[in-house]
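Enquirer: Can you read through this structure? Questions will come right after.
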Amino acid sequence: MSTNTIHHEQIAALYGTQTPIQTRWSYDSAEPFAVTVAFCAERGRWVEWIFSRDLLIEGLSEPAGLGDLRVRPGEDTETLVLEIHSPSGEATFELDLDATEDFLQTTLELVPAGTEVDHFDVERLINDLTGI
């Protein structure tokens, strides 16, 4: 199975401020259920969050997520709100809705919704977990 990876960069705003935050979005067809978003923090350090692609898709049209990461449409029609909660703090980001939809569309072209299991390499996961 070949691996296809998508990388997408986007500037996000910390909720309620004009401070731009660089984000890096990734999707790998070898891990078809997940997307990764990385935020450029202080001194160029990147902080990554991995979460369900379905959560991001659902969050485009309605509030989604119950745990550390929540996604919902913005108050306007141009943004998507991403809320992150961790033991070290909380952050709310405003993302460009069109850019996020473009990223998701590219992931769906690579691995259509409902076909994720066909792309998931169970043997690789077992090898990764067991170190064999």
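Enquirer: For segment 15-91, compute Rg over Rh where Rg is the Cα radius of gyration and Rh is the Kirkwood radius from the inverse mean 1/r over Cα pairs. Don't skip to the end; give the middle numbers.
Expert: Values: Rg = 12.9 Å, Rh = 13.5 Å.
Rg/Rh for segment 15-91 comes to 0.96.
Enquirer: Could you give log10 I(q)/I(0) at q = 0.09, 0.15, 0.17, 0.21 Å⁻¹ for the chain, computed by the Debye formula over C-alpha point scatterers of equal weight, without solvent?
Expert: Relative scattering, expressed as log10 I(q)/I(0), comes to -0.28, -0.75, -0.94, -1.31.
Enquirer: Still on this model: Given the DSSP H assignment, sum -39500 (n - 2.57) over each helix run of at least 4 residues in the chain and divide by its residue total; what's the result at 222 nm in deg cm²/dmol, nearest 500? Write down the numbers at each step before the final one.
Expert: Values: 4 runs with 34 residues, N = 132.
Value at 222 nm, helices only: -7000 deg cm²/dmol.
Enquirer: Stretched out fully, how many nm does the piece from Glu123 to Thr36 gain, at 0.36 nm a residue minus the Cα gap?
Expert: On the way: separation 87, 0.36 × 87 = 31.32 nm, distance 2.17 nm.
Extending this stretch completely gives an extra 29.1 nm.
Enquirer: Let me cross-check Ser61: its accessible surface, 1.4 Å probe, with only protein heavy atoms counted, in Å² to the nearest 10?
Expert: 90 Å²
Enquirer: I'd like the accessible area for Val117, computed on protein heavy atoms only with a 1.4 Å probe and all protein chains in place. Round to 10 Å², please.
Expert: Ignoring ligands and nucleic acids, Val117 comes out at about 100 Å².
Enquirer: Count neighbours as other Cβ atoms within 10 Å of each site's Cβ, and list the trypsin sites (Lys or Arg not before Pro) in segment 43-132 that are DSSP loop with at most 13 such neighbours.
Expert: On the way: sites: Arg43, Arg45, Arg53, Arg70, Arg124; in loops: Arg45.
Qualifying residues, ordered by number: Arg45.
Enquirer: Per q in 0.21, 0.34 Å⁻¹, report the Debye log10 I(q)/I(0) for segment 93-132, using one uniform scatterer on each alpha carbon and no solvent.
Expert: -0.73, -1.02
Enquirer: What is the gain in length, in nm to one decimal, between Arg24 and Glu62 on full extension, counting 0.36 nm per residue of separation less the C-alpha to C-alpha distance?
Expert: Numbers: separation 38, 0.36 × 38 = 13.68 nm, distance 2.32 nm.
Result for the pair: 11.4 nm of gain on full extension.
Enquirer: Just the accessible area for Ile11, please: 1.4 Å probe, Å², rounded to the nearest 10?
Expert: My reading of the accessible area for Ile11 is about 100 Å².
Enquirer: If you bin every alpha carbon distance in segment 56-132 into 10 Å steps from zero, what whole percent lands in each bin?
Expert: Cα pair-distance distribution for segment 56-132, in percent: 17, 33, 31, 17, 2.
Enquirer: Same structure again: Given R₀ = 30 Å, what would the calculated FRET efficiency be for Ser86 paired with Thr106, taking r from the Cβ atoms and rounding to 0.05? Walk me through the intermediate numbers first.
Expert: On the way: r = 28 Å, r/R0 = 0.93.
Calculated value: 0.60.
The values are calculated or read from the model by the stated rules, or taken from the named source; none is laboratory data. Quick caveat, the model's predicted, so the values are computed rather than measured. No Cβ is skipped: glycine too gets one built from the backbone with ideal geometry, and neighbour counts run over all protein chains shown. Note: accessible area is taken over every heavy atom of the protein model, side chains too, but ligands, DNA and RNA are not part of it. Shrake-Rupley method; radii C 1.70, N 1.55, O 1.52, S 1.80 Å.
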